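Taking it in order: structure first as structure tokens, then the write-up.
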Amino acid sequence: MEILIEKKVSFEDYLKYNNEDNKYELFEGELNLMTPPTGFHALIINRLTKLIEGEINRLKLDWYALQGIGIRTGIRRSRLPDLTIINQPQLTEILKISAVLETPPLLVIEIVSPESEIRDYRYKRSEYSAMGIPEYWIVDPNRETMTILQLQEGMYEEISVLDTGQISSRVFPEIRIKPQDIFSL
């Protein structure tokens, strides 16, 4: 569930906002409280993190799979993807400041929850493409699908939906992910 805090704030104020008990996204200057994920949601994030970190290590890349990293998607907008893949220069940028990227990460992943479906499939798709994020994965536990979106000429094209284990990712072209690796209990 998303709860709106009724006070317009600037992006700069958002970066300084300190509330250790809650996470917020900034949308059109409004703080939107993000509720904690379900246990299944957290389990999916954990599984994807392990799979992606395994691939990063196998390829010996200077990349990081991080949770809690914000992405500035507009003048008064900032999103908090479930998982963000960044490179070493991006990590260096945010080491000693609020962890909100102003440059496109390599990949963002959102786990769909019932209250975030429209936001994840529609609004974030639009915002992430406008920011120039090369790849966006939408993992939907309700449908047990994984949609891979790749930026082509400024818009996302749906490239592959997880079904048999082979996904089509430019960021991780050799990664193998099976539905049971993600969705089994």
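The values are calculated or read from the model by the stated rules, or taken from the named source; none is laboratory data. Note that the structure is a prediction, hence the values are computed from the model and not measured. Ideal geometry is used to build each Cβ from the backbone, glycine not excepted, and the neighbour counts take in all protein chains shown. The protein model used for the area step is the full one, side chains on, heavy atoms only, and it has no ligands, DNA or RNA in it. Shrake-Rupley method; radii C 1.70, N 1.55, O 1.52, S 1.80 Å.
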Out of (1) in contact with a Lys or Arg (Cβ under 7 Å, 6 or more places away or on another chain); (2) at pLDDT below 90, what's the single condition that is false for K124?
(2)
So, first residue more than 17 Å from D181 (Cβ to Cβ) in the stretch 46-67, second residue surrounded by 12 or more Cβ atoms within 10 Å (Cβ to Cβ) and at pLDDT below 95, Cβ within less than 6 Å, six or more apart or across chains; the pairs are none
Being closer than 26 Å to D62 by Cβ, of a type in the set (D, E, K, R) and surrounded by fewer than 17 Cβ atoms within 10 Å (Cβ to Cβ) narrows it down to one of E158, E174, E135, so name that one.
E174
Taking the stretch 48-60 and keeping residues assigned to a helix (DSSP H, G or I) and open to solvent by 50 Å² or more (accessible area, probe 1.4 Å) leaves K50, L51, E53, N57, R58, L59
